[in-house]
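Asker: The structure's right below; bear with me while I get my questions together.
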Amino acid sequence: MRRTALPGFLAALAFLHAPVSAQRAGAVTIQPGEECPAGMTEVRPRTCQAPEIAPPSILDYRPRSSLITTETMVPKPKYPTVDFHGHPPGLDGSAEGLRALGAAMDEIGLRVMVAASNVRGERLRQVLAGIDASPTMRDRVRVFTGIDFSGVGPGWAERAVQQLEADVAAGAVGIGEISKSFGQSIRKADGSRLRIDDPELDPVWQAAARLRIPVFIHTADPQDFYRDFDYTNERWLELALFPNRRIAAGQPSFAQLAQERDNLFRRNPSTTFVMAHMGWQANDLATLGELLDELPNLYTEVGAVLYDIGRQPRAARDFFIRYQDRILFGKDSFQPGEYPYFWRVFETDDDYFDYYRPYHAFWKLYGIDLPDVVLKKLYYANALRITPGLPQGGWPQ
Ligand SMILES: [Zn+2]
């Protein structure tokens with residue numbers, strides 16, 4: 001019985017080299033470069049094992065960070081701020097609605113709200129009259145008009161330009177938010193898809209240049225929505241929760257929409273465009289930077305993409321400093337409790353803190369600690385410069 005005399009470490013070695021089935025039920029060996037099968041983890045080099053306890057779903061797994069570090073809460077921004085991408089409640093013309101909006105804005109440090117909800121014609125005039133009648137809110141809300149893209153064909157541009165001129169004369173300070181349905185689902189009078197760079201629309205963009213108003217445009221959906229809907233998709237949970245956000249078959253690709261969008265900016269160099277949501281390219285700042293380098297008439301806005309800014313604090317800080325004259329603050333959906341996350345990312349150097357919407361991002365955020373001069377441009381100065389109709393007085397120098 002010489003074998004039983006083997007020293008203990010040799011016995012252990014023999015165990016490691018035993019067939020996987022002898023090690024532990026369910027373990028498998030993989031080849032170098034191979035990945036473990038789904039549901040398994042590489043617990044030792046080339047050995048994959050399923051957890052002994054059934055794993056929680058991604059909805060149930062909410063580990064609390066054990067990191068003890070600086071926490072800098074920023075309930076209000078360091079400087080008064082313009083929300084360039086607002087969809088505020090309270091513009092129904094009632095004094096009470098405006099009063100509540102003003103109180104909510106005070107709480108989160110917004111001085112001016114831009115209502116970017118495509119309000120045109122008679123409705124626009126009602127909204128503007130309500131704002132004008134409020135001594136406290138008169139200088140705190142501005143309104144964009146919208147373009148009616150239905151029935152683009154002969155005669156459309158003349159009507160659209162007339163509407164635009166009338167709305168600007170009534171007090172609209174810009175166009176927008178042009179919705180993502182532009183390029184995706186809107187059809188021309190002849191039934192074809194209305195391309196974002198359709199030349200029939202150029203008179204409208206040229207009118208915006210002449211009227212000195214910015215055009216605020218949202219194009220496409222986050223890039224992950226166009227990718228395979230599988231477990232490697234960073235937006236899997238969101239796409240699972242909201243089936244209508246999945247891109248239907250036959251829709252133009254992200255690349256197609258972005259190309260049409262960029263062509264629109266190129267063919268109208270005198271028009272100021274503001275691309276919502278950093279063009280859904282905050283995950284690829286180098287490409288976004290190339291676009292800003294190429295197109296001096298282009299600006300961008302940070303609404304709903306904090307998860308991409310705050311996960312790359314070094315690259316994002318460099319980007320915001322380099323393009324400090326081209327980025328505007330905007331939030332999109334009006335949830336007052338969410339604004340302080342933006343202030344904290346922009347103003348602090350905090351590490352590893354929660355984002356507000358788990359189905360957007362499974363990761364933590366970091367502060368990018370922007371210099372004051374950059375914060376001022378981001379929070380108000382860039383918006384004031386490209387939007388002459390915003391209240392121009394009384395901002396910090
Ligand atoms: Zn919006």
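The values are calculated or read from the model by the stated rules, or taken from the named source; none is laboratory data. Since the model is a prediction, treat every value here as computed from it, not as a measurement. Note that we place each Cβ from the backbone using ideal geometry, even for glycine, and neighbour counts take in every protein chain shown.
Asker: Yes or no: segment 301-316 includes at least one residue that is at pLDDT 95 or above, assigned to a strand (DSSP E or B) and surrounded by 21 or more Cβ atoms within 10 Å (Cβ to Cβ).
Answerer: Yes.
Asker: Return the residue satisfying two criteria in turn: it lies in segment 65-97 and is among the aliphatic types (A, V, I, L, M) and modelled with pLDDT of 95 or more, and of such residues it is nearest to the ligand (Cβ to nearest atom).
Answerer: V82
Asker: Just a yes or no: is a residue in segment 238-255 exposed (fewer than 15 other Cβ atoms within 10 Å of the Cβ) and of a type in the set (F, W, Y)?
Answerer: The answer is yes; a qualifying residue exists.
Asker: Still on this structure, I have one more. Kindly evaluate A11 against the criterion of being at pLDDT below 50, farther than 30 Å from K364 by Cβ, surrounded by 11 or more Cβ atoms within 10 Å (Cβ to Cβ) and not assigned by TED's automatic domain parsing to the domain that holds F353. Can you show your working first?
Answerer: Numbers: at pLDDT below 50: yes; farther than 30 Å from K364 by Cβ: yes; surrounded by 11 or more Cβ atoms within 10 Å (Cβ to Cβ): yes; not assigned by TED's automatic domain parsing to the domain that holds F353: yes.
So A11 fits the description; yes.
Asker: Does R111 fit the bill of being in a strand (DSSP E or B) and either β-branched (V, I, T) or closer than 25 Å to N382 by Cα (or both)?
Answerer: Considered against the rule, which asks whether it is in a strand (DSSP E or B) and either β-branched (V, I, T) or closer than 25 Å to N382 by Cα (or both), R111 comes out as yes.
Asker: Hey, another quick one. What are the residues in segment 74-120 that are free of Cβ contacts under 8 Å to residues at least 24 places away in the same chain and out of contact with any Leu (no Cβ under 8 Å at 6 or more places or on another chain), if any?
Answerer: E96, A100, A103, D106
Asker: Still on this structure, I have one more. Sort through D190, D132 and tell me the only one that's within 25 Å of Q259 (Cα to Cα) and either outside the structural domain of M275 (by TED's automatic domain parsing) or surrounded by fewer than 18 Cβ atoms within 10 Å (Cβ to Cβ) (or both).
Answerer: Matching residue, one of D190, D132: D190.
Asker: Now for a separate question. Where the second residue is outside any helix (DSSP H, G or I) and more than 16 Å from the ligand (Cβ to nearest atom) and the first is over 16 Å from E122 (Cα atoms) and of a type in the set (S, T, Y) and lies in segment 150-178, which pairs have Cβ atoms under 9 Å and are six or more apart or on separate chains?
Answerer: Pairs that qualify, where the first residue is over 16 Å from E122 (Cα atoms) and of a type in the set (S, T, Y) and the partner is outside any helix (DSSP H, G or I) and more than 16 Å from the ligand (Cβ to nearest atom), are S150/I186; S150/R187; S150/A189.
Asker: If you don't mind, another one. Within segment 185-224, which residues are touching a residue at least 24 places away in the same chain (Cβ under 8 Å) and closer than 21 Å to L288 by Cβ?
Answerer: Kept after step one, since they are touching a residue at least 24 places away in the same chain (Cβ under 8 Å), are these residues of segment 185-224: 186, 188-190, 193-209, 211-223.
Passing the criteria: I196, D197, P214, V215, F216, I217, H218, T219, A220, D221, P222, Q223.
Asker: Mind listing whichever residues of segment 336-356 are closer than 23 Å to G176 by Cβ, surrounded by fewer than 22 Cβ atoms within 10 Å (Cβ to Cβ) and in contact (Cβ under 8 Å) with a residue 40 or more places away in the chain?
Answerer: Narrowing segment 336-356 to residues closer than 23 Å to G176 by Cβ: 336, 338-339, 342, 346.
Those still in the list that are surrounded by fewer than 22 Cβ atoms within 10 Å (Cβ to Cβ) too: 336, 338.
Answer for segment 336-356, where residues must be closer than 23 Å to G176 by Cβ, surrounded by fewer than 22 Cβ atoms within 10 Å (Cβ to Cβ) and in contact (Cβ under 8 Å) with a residue 40 or more places away in the chain: just P336.
Asker: Which condition breaks for S333 when tested against (1) away from the ligand (no atom under 16 Å from the Cβ); (2) in contact (Cβ under 8 Å) with a residue 12 or more places away in the chain; (3) of a type in the set (S, T, N, Q)?
Answerer: All conditions are met except number (1).
Asker: If only one of V152, V161 is closer than 29 Å to L384 by Cα and more than 16 Å from the ligand (Cβ to nearest atom), which one is it?
Answerer: Working: V152 fails: closer than 29 Å to L384 by Cα.
Matching residue, one of V152, V161: V161.
Asker: Does A383 satisfy the condition of being modelled with pLDDT of 95 or more, under 20 Å from I217 (Cβ atoms) and either assigned by TED's automatic domain parsing to the domain that holds E234 or not basic (K, R) (or both)? Walk me through how you get there before you give the answer.
Answerer: Values: modelled with pLDDT of 95 or more: yes; under 20 Å from I217 (Cβ atoms): yes; either assigned by TED's automatic domain parsing to the domain that holds E234 or not basic (K, R) (or both): yes.
Yes; evaluated as a whole, the condition is true for this residue.
Asker: Okay, next question. How many residues does segment 272-311 contain that are closer than 21 Å to S181 by Cα and away from the ligand (no atom under 16 Å from the Cβ)?
Answerer: 3
Asker: Let me ask something else about it. Does R314 meet the test of being in contact with a Ser or Thr (Cβ under 7 Å, 6 or more places away or on another chain) and of a type in the set (K, R)? Walk me through it before giving the result.
Answerer: Working: in contact with a Ser or Thr (Cβ under 7 Å, 6 or more places away or on another chain): no; of a type in the set (K, R): yes.
It is false that R314 is in contact with a Ser or Thr (Cβ under 7 Å, 6 or more places away or on another chain) and of a type in the set (K, R).
Asker: Among helices (runs of 4 or more DSSP H) lying entirely in segment 321-386, which contain 2 or more residues that are over 18 Å from the mean Cα position of the chain (by Cα)?
Answerer: Filter on segment 321-386 gives 372-376, 382-386.
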